[in-house]
1. Between B:Gly89, B:Gly180, B:Gly28, which gets the highest mean-square fluctuation from a Gaussian network model of chain B, Cα cutoff 10 Å?
2. By counting other Cβ atoms within 10 Å of each Cβ, how are B:Val67, A:Val108, B:Val48 ranked from fewest to most?
3. How many angstrom lie between the C-alpha centres of region B:34-66 and region B:143-204?
4. Please list, in chain and number order, the residues 5+ apart from A:Leu78 or on another chain whose amide H is under 5 Å from its amide H, with Hs placed from the backbone.
5. With viscosity set to 1.306 mPa s at 10 °C, what whole-number translational diffusion coefficient in µm²/s follows for region A:40-83 from Stokes-Einstein and a Kirkwood radius over Cα pairs?
6. Over region B:32-128, consider all pairs of different Cα atoms and compute the Kirkwood hydrodynamic radius from their mean reciprocal separation; express it in Å, one decimal.
7. List every residue whose amide H lies under 5 Å from the amide H of B:Leu146, counting only residues 5 or more places away in sequence or on a different chain, with H placed 1.01 Å from N in the peptide plane.
8. Using only the Cα atoms of the protein assembly as shown, what do you get for the radius of gyration and for Dmax, in Å?
Amino acid sequence: MPSKTSAPFSYEGLDRVIHEKARLGIMTSLAGQPKGLSFADLKRLCGLTDGNLSRHLQVLEEGGFVHIDKGYEGKRPLTTCRLTPAGKARFLDYLAVLERVVRDAAGVETAGADPLLKTSKA
Amino acid sequence: MSDYRKALSDIADIRSQIAASTTFRGFGPAALATTGVLALIVAAVQSVFLGNPLEMPLAFFAGWISVAVVSVALIGAEMVVRSRRHHGGLADSMIHNAIQQFLPAGAAGAALAAILGRFAPDAVWMLPGLWLVLVSLGLFAAVPSLPRGTMLAAGWYFVAGCTVLMLSAAGPSLSPWMMGVPFAVGQVLLAAVIFFAPGETDAE
């Protein structure tokens, strides 16, 4: 595994499960919702089809990022999804790495430096 | 550069959104209870050495302002340590939110003390009651991000503040116990609420 100093742009903490457009949208939608969101709300917020949303939720649930409750509201079935504590912690770690990516990109552009030269000096 | 700044600001917004929906676990029962005991000690010392506090308001309020400063320092130090431990990457946002919730009440308390002390010294007997009411307002503002039982402590401070105002108005009078007992009970109540709060809950 490359060290942080030898490969500063390797971004090891960028979780591959979250780092996918649809799943990132799902995680971000759920982030500020302690009670979770219904399947229908998530579908609307993320612009996904039923099948796509189900597939991505399954990946997130298997990774321990989200918890899915299948219940009823009155007589209608209601699926609710919310972040697990571990999912929230990993999403926050992901945000920290993402922030580093943006800062690094801004730094490289400001300095106008060749990243390879910068890396070799580090 | 503005695109990068916008991206960083968006990330900060997401973090604040998560912080706002997370129960703040930065307040520690030990520091809260200690400040309550400190209030009782100061009340006892003042009741022995400070004959009629209305004749020496400066000494009376200097004691209580010192209690407030020490309390803020103690609670603040424990808050930073606990927030780092419980909230990890969210710690700074959570601390920032907590300060935002309590700052208006704290600033109003300091302003009231300065204004009454400077322009209406005959009305300083109102300060203990008003301060207690302001503490209650700060706590009510923070209830959404604290364990639900915090409402009890906030309610106590409000009722105690109103009662102290009514009792002080009868004289008018200033009493160390009217400042110390409500504060001690409120802080110990708050410490108990935090101590018995469930471990991993989110604000709802």
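What follows draws every value from the coordinates through simple rules; no lab data is involved. Here the structure is a predicted model, which is why all the values come from computation and not from measurement. Neighbour counts run over all protein chains shown; Cβ positions are idealised from the backbone, glycine included.
1. Most flexible of the set in this elastic network: B:Gly89.
2. Values: B:Val67 19, A:Val108 14, B:Val48 9.
Starting with the residue having the fewest Cβ neighbours, the order is B:Val48, A:Val108, B:Val67.
3. 19 Å
4. A:Gly71, A:Tyr72, A:Glu73
5. Values: Rh = 11.0 Å.
Translational D for this selection: 144 µm²/s.
6. On the way: mean 1/r = 0.0649 Å⁻¹.
Computed over region B:32-128, the radius equals 15.4 Å.
7. When sequence neighbours closer than 5 places are left aside, the close amide H contacts are B:Phe24.
8. Calculated on Cα positions, Rg and Dmax stand at 25.7, 78 Å.
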